[in-house]
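Structure first, then comments.
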Amino acid sequence: MRGSLVALLLAGCTGSIGDPALVDGGPEPDGGGASDDAAVAADAPPGSADAAWADAGPASCSDTGGDRLTQVCRRWVCDTMSLSEGTWSGSTATCTPGDISAEGRANALKLVNLYRFLAELPAVATDPGYDQSAQACALMIDANSALNHDPPTSWACYSSEGAAGAMSSNEASTPGVTAVGLYVVDPGNPTTIGHRRWILSNSLGPIGLGSTNGWSCMKVIGGSGAAGRPWTAWPPPGPFPVGAMVDAFGQSVDSTGWSVQSDSIDLDSATVQVVRDGTDTLTVNVTHLLPNYGATWALSFIPQGWTMQAGHSYAVTVTGGGSPIGYTVNAYSCL
């Protein structure tokens, strides 16, 4: 990453790349003052629903049992303990792609599968060939300090393998582990929320992960996954750690938009209602998103005058589309 600039470039529709968005925004992780989103990570008040997790406490990361709340909070706590980016063995000076060390790739994959677990989607694996293509892509965008899905042959460190990787990858001006949370929050893509939709896609997998010390590519197009979920929401139904609402730069899903995506339910004319704790109807601003970014149909809705808070429930109803959708998000701090 260069200075305080955070940029994302979005992999396009299946079969074509469309017009990707280049986004500036977000302070460094250790930057300036607190934002309004800081409350998202606050502890729930005593006696709230979050007390169930606080009383139980985190169990060993090797445990797999317990109810859904225990599993979600344990997974969130354990999978975010180590976020090392690893080390890069390549060089832009010699146009050597090298590779990111095993720890860095494993941590990035761990986070992809953490978010998919929260959304009740199957885990994905990396493919060595896809990793190699993504690594060549990461070298190219680093060498040119730019994001591009169709890089010109005049680019420094240009290679056909890197260009092929660029055509089928999400790209970020951060190393690979940091990029995962950034993709899920997805700032600057209000018409697509496409990075998130690819990570939560039914068709995702296998993927490719490539990274330098400051730039990264995640190959997402061309997968053979077949999760088959009729719809997927973010934040998803059930227990949900509010820490997953923000990225490393303090940017929040409350600002970029909650989302629902589907390959079988037409959401182009759907409306959304959100009710907090069964009594308070909350205002949202709905956007019907461009098609075929990780899912055929999708919409987003941005909270107006409120943010997700631990210890509260949010019942979401989506109507007016091909089929009604209803679910409830139960927010926990999972600290």
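The values are calculated or read from the model by the stated rules, or taken from the named source; none is laboratory data. The structure displayed is predicted, hence computed values, not measured ones. Please note: Cβ atoms are built from the backbone with ideal geometry, for glycine as well, and neighbour counts cover all protein chains shown. Heavy atoms of the whole protein, side chains included, go into the accessibility calculation; ligands, DNA and RNA do not. Shrake-Rupley method; radii C 1.70, N 1.55, O 1.52, S 1.80 Å.
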Rounded to the nearest 0.05, what FRET efficiency do SER145 and HIS288 have when you use their Cβ-Cβ distance and R0 = 35 Å?
0.50
Quote the accessible area belonging to SER133 in square angstrom, nearest 10, computed with a 1.4 Å probe and with ligands, DNA and RNA left uncounted.
10 Å²
Once amide H atoms are placed 1.01 Å from N in the peptide plane, what residues at a sequence separation of 5 or more from THR96, or on another chain, have their amide H within under 5 Å of its amide H?
SER91
If you put +1 on each Lys and Arg Cβ and -1 on each Asp and Glu Cβ, how big is the dipole of region 218-297 around its Cα centre, in Debye rounded to 20?
220 debye
Can you list the residues, at least 5 places off or on another chain, whose amide H is less than 5 Å from the amide H of THR80, using H built in the peptide plane?
none
Not counting ligands, DNA or RNA, and with a 1.4 Å probe, what is TYR327's accessible surface area in Å² rounded to the nearest 10?
20 Å²
Got a sec to turn the phi values of region 221-237 into Karplus ³J(HN,Hα) couplings, 6.51 cos²θ - 1.76 cosθ + 1.60 with θ = phi - 60°, whole Hz, x for Gly and Pro?
8, x, x, 10, x, 8, 5, x, 5, x, 7, 9, 10, 9, x, x, x
What whole number of Å gives the distance from the Cα centroid of region 68-129 to the Cα centroid of region 269-335?
28 Å
Can you give the accessible area of SER255, probe radius 1.4 Å, in Å² rounded to 10?
70 Å²
With a ≥ b ≥ c the root eigenvalues of the C-alpha gyration tensor of region 213-264, is it rounded (a/c under 1.5), prolate (a/b larger than b/c) or oblate?
oblate
First compute the accessible area of region 109-262 with a 1.4 Å probe, then give the percent of it belonging to carbon and sulfur atoms.
55 percent
With a ≥ b ≥ c the root eigenvalues of the C-alpha gyration tensor of region 162-245, is it rounded (a/c under 1.5), prolate (a/b larger than b/c) or oblate?
oblate
Can you work out ³J(HN,Hα) from phi for every residue in region 112-125, in order, using Karplus 6.51 cos²θ - 1.76 cosθ + 1.60 and θ = phi - 60°, giving whole Hz and x for Gly and Pro?
4, 6, 5, 5, 5, 4, 4, 8, 6, 10, x, 5, 10, 10
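Would you list HIS288, HIS195 from the most to the least accessible area, probe 1.4 Å? Let's see the in-between values first.
Details: HIS288 80, HIS195 0 Å².
Reading off the accessible areas and sorting them downward yields HIS288, HIS195.
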Go through region 135-150 residue by residue and turn each phi into a ³J(HN,Hα) via Karplus (6.51, -1.76, 1.60, θ = phi - 60°); whole Hz please, and just put x for glycine and proline.
5, 5, 5, 4, 4, 5, 5, 5, 4, 10, 6, 7, 10, 7, 7, 10
